[in-house]
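Here's the structure we're looking at; comments come further down.
The values are calculated or read from the model by the stated rules, or taken from the named source; none is laboratory data. Worth saying up front: this structure is predicted, and the values here are computed from it rather than measured. Virtual Cβ from ideal backbone geometry, glycine too; neighbours counted across all protein chains shown. For the accessible areas, the whole protein counts, side chains as well, though only heavy atoms, and no ligand, DNA or RNA atoms are used. Shrake-Rupley method; radii C 1.70, N 1.55, O 1.52, S 1.80 Å.
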Amino acid sequence: MNFNGIIVGAAVFLSIGICHPAVIKMEYYWGMQCWWIWLVAGLGFSVLSLFVENDTLSTICGGFAFSCLWGIGEMFQQEKRVLRGWFPENPARHEYYERRRLEMKGKL
């Protein structure tokens with residue numbers, strides 16, 4: 001039996017499970033300016049996947065890389081969700097959110 005598919009699937013599921021709450025927390029505490037962390041992590045895991053000789057580990061690194069890269073878009077979406085009131089905003093950044101809401105109203 002070949003368990004590689006199950007192992008990779010579980011690892012990618014775990015990476016998504018780690019990245020989703022991390023995006024929410026990072027946007028809450030630091031805002032949009034931390035999107036580059038996802039880029040660096042995604043590129044780092046992409047490069048790592050090229051040099052890992054084990055096929056299963058290389059695939060897991062690639063899956064984690066693309067979960068991190070997906071996190072960039074999720075950062076922008078998370079801010080929109082906060083502005084719509086779907087997620088709580090950080091009270092320390094209330095002025096920023098109010099400014100963004102006014103910008104959004106101006107675009108309507």
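Here are some notes:
- Protein accessible area in the chain, 1.4 Å probe - carbon and sulfur %: 70 percent
- Of GLU98, GLU89, the order by accessible heavy-atom surface (1.4 Å probe, DNA, RNA and ligands excluded), from most exposed downward, is GLU98, GLU89.
- Our coupling estimate for segment 65-75, obtained by passing each phi through the Karplus curve with A = 6.51, B = -1.76, C = 1.60 and θ = phi - 60°, is 4, 6, 5, 5, 5, 5, x, 4, x, 5, 4 Hz, Gly and Pro reported as x.
- Using a simple spin-label model with pseudo-atoms 7 Å out from Cα toward Cβ, PHE87 and MET104 lie 1.3 nm apart.
- LYS25 sits with roughly 120 Å² accessible to a 1.4 Å probe, with DNA, RNA and ligands left out of the calculation.
- Average Cα contact separation per residue, the chain, under 8 Å, 6 or more apart, as relative contact order %: 30 percent
- Put simply, the amide H of PHE87, placed in the peptide plane, has neighbours under 5 Å in VAL82, leaving out anything fewer than 5 places away on its chain.
- Estimated FRET transfer efficiency when R0 is 25 angstrom, pair TYR28-LEU57 (beta carbons, to 0.05): 0.20
- Estimated distance in nm for a label pair at GLN77 and TYR97, the labels positioned 7 Å out from Cα along Cα-to-Cβ: 2.0 nm
- Helix 94-107 and the long axis of the chain differ in direction by around 80°, with both axes built from C-alpha atoms.
- Between ILE18 and TRP70, the simple label model (points 7 Å from Cα in the Cβ direction) yields a spacing of 1.5 nm.
- Whole-angstrom gap from segment 63-108 to segment 17-59, using each part's C-alpha centre: 19 Å
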